[in-house]
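The values are calculated or read from the model by the stated rules, or taken from the named source; none is laboratory data. If you're wondering where the values come from, they're calculated on a predicted model, not measured in any experiment. Reconstructed Cβ throughout: ideal geometry from the backbone, glycine too, with neighbour counts over all protein chains shown.
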Amino acid sequence: MITTQPSRAGRTASVSRTASARLPSIVRVSLVRGIVEIKQFTRQREYVIFTFALPIILLVLFGQIFHGEVDHTGVSFRQYFIAGIIASGLMSTTFVGVGVSIAADRDDGTLIRLAGTPLQPAAYFAGKAILAIVISAGEVAAALATGVALLGLHLPATPARWLTLGWVLVLASVTCTMLGIAAGCLVRSTRSAFAVLNLPYLVLSFISGVYFVFARLPAGLQHVAAIFPLKWICQGLRSAFLPDRLLAAEPVHSWEHGRIALVLVAWLVASLVVCVRTFRWQRHPDR
Amino acid sequence: MIAIDGIDLEIDRGEVFALLGPNGAGKTTTIEILEGNRRRDAGEISVLGADPAQAGREWRARIGVVPQTQTEAGELTVREMVAHFSAYFPDPRDPDEVIEAVGLGEQARTRLRRLSGGQRRRVDVAVGIVGQPELLFLDEPTTGFDPQARRRFWELIAGLADDGTTILLTTHYLDEAAALAGRVAVIAGGRVVAVGTPADLGSTDAAAMVCWQSTKGPRSVRTAAPTDCVMKLAREAGGEVPGLTVTRPSLEDRYLELIGTTTSARRDGAQR
């Protein structure tokens, strides 16, 4: 038995001091974590540049490749794919980026160091989510600016559409961040993390209406995609940017906002459960 | 896999206690169990009055941890690193004072990745003590330090101990255990093989080694009564005994003997 006991002399002064001081609130430490994450991101210049350049370059490429409109709806392919590129960039940043960063934090000793403090894992996750939302917002702004300047995109015209854009982006970022954390808890090392996380991300991008008009995909693939979040994020973003005329070319002739929210929240809850049950600050090879 | 078995220790508040042993002896496993960062299969533990496996955040706020692995996250400055860790604790030390205390005042605005290995290790220590812990765990804190940096580090730890911080450190350096710790437990193969003050462990009561040259070659005998042995040798030789030496084991000899690395060497010596 190993014990550390108070000596006769005791340290009553320091003990009472510790008892009287309150632990910092989870909101405060979450913000501290968020600021640290943002600082670490913004100080890696090439990471910042390439993160924001990717959606812009993809949009410009798509603008060169695709012409014509989707099923005589008056919506051009270029505009249709803007929603997909934004959704795909968001998932790349949140799901792949966060998952890899968890593995990296494990490899570089950050997690072991945090394990020695009273920090709650939830505050650590919140810091990741704050960074993911900040990066996503920047990517969306970059993509929208490109879309408006080069591809004839019109910004949402009504407050209701801005509201849709807002809740879809926030819910999508938070859900994909939690999925990334859950996946990051399961991968073994930073080196394998890219390979492990890119596979589901790329497969979902192909079947969720990022690179192809969703309604034109084989029905089987549509059903598979409908299980996962990316299809719903794309659909939610289309509903914010594109006119209701496009509904004629959607598989169900509705934007299905309720179902989008339901699917994303379901994934959010499922990944939260995985995170809470599997997350350990330290991983030991012998267990 | 059983990494440690049969470790039974009591450490008092305000004590500096060292777990001394070779690599793979189970020091880190022991310390991680005490920190609550590793599960144990069996046994009873009480750290600051709580079982580390069950203890909550209030308990964690009272301990400080310097893990064995070194910080590699490099984009923050020293000041930012220490300051953000201080924000996790209810009653932290002033980050600038801690940075001064570990001797990094001039590097406070330097990013971690620009620091040398020894400087980064001092950042680890700063992060470990910024929460003003009652109990500090140091897992091989000075591995990779140059001698001067080690001396400075020892002074820092002695200062913390003087302020009343209980310190449990692991080390495979004997001189470090002797310089810092009031008591030392020697661990080998996952077991405690000896506990005592550094002076106890290197005690002069231990058997002495008498070596000499006989006509058939070098001889040596381990005995608790070296004087008798030498007198007997002198009678047999009828005068001066060739190549006579009488040695007491140093702390280092005693330690090497405890962890079992010199057993076979001594036997070889005795047979010659």
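List of remarks:
- When residues of the stretch B:104-113 are limited to those that are outside any helix (DSSP H, G or I) and away from every other protein chain (no Cβ under 14 Å), the one surrounded by the most Cβ atoms within 10 Å (Cβ to Cβ): B:L104
- Any hit, the stretch B:146-158, residues being of a type in the set (S, T, N, Q) and either at pLDDT 85 or above or in the same structural domain as B:P249 (by TED's automatic domain parsing) (or both): no
- Residue among B:G128, B:G118 that alone is without any contact (Cβ under 8 Å) to a residue 40 or more places away in the chain, assigned by TED's automatic domain parsing to the domain that holds B:E35 and part of a helix (DSSP H, G or I): B:G118
- Subset of the stretch A:124-140 [of a type in the set (A, V, I, L, M) and surrounded by 24 or more Cβ atoms within 10 Å (Cβ to Cβ)]: A:A129, A:L131, A:A132, A:I135
- Of the helices (runs of 4 or more DSSP H) lying entirely inside the stretch B:1-96, those containing at least 1 residues that are surrounded by 22 or more Cβ atoms within 10 Å (Cβ to Cβ) and among the aliphatic types (A, V, I, L, M) span B:27-35, B:78-86.
- Scanning the stretch B:8-47 for residues that are touching a helix residue (DSSP H, G or I) at 6+ places or on another chain (Cβ under 6 Å) and either more than 8 Å from every other protein chain (Cβ to nearest Cβ) or not basic (K, R) (or both) yields B:V16, B:A18, B:L19, B:L20, B:G21, B:N37, B:R40, B:V47.
- In the stretch B:77-103, the residues that are free of Cβ contacts under 8 Å to residues at least 24 places away in the same chain and more than 13 Å from chain A (Cβ to nearest Cβ) reach residues that are surrounded by fewer than 21 Cβ atoms within 10 Å (Cβ to Cβ) and among the basic types (K, R) with C-beta atoms within less than 8 angstrom, at least six apart or across chains, in these pairs: B:D96/B:R79.
- Residues of the stretch B:40-82 classified as more than 27 Å from the chain's Cα centre (by Cα) and of a type in the set (D, E, K, R), total: 5
Yes/no per residue for (1) among the hydrophobic types (A, V, I, L, M, F, W, C); (2) within 37 Å of the chain's Cα centre (by Cα); (3) surrounded by 13 or more Cβ atoms within 10 Å (Cβ to Cβ); (4) at pLDDT below 75:
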position	(1), (2), (3), (4)
B:L201	yes, yes, yes, no
B:D205	no, yes, no, yes
B:K216	no, no, no, no
B:A224	yes, yes, no, no
B:T245	no, yes, no, no
B:L256	yes, yes, yes, no
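- Residue satisfying condition, being basic (K, R) and closer than 23 Å to B:D163 by Cα, within set B:R79, B:R60, B:R40: B:R60
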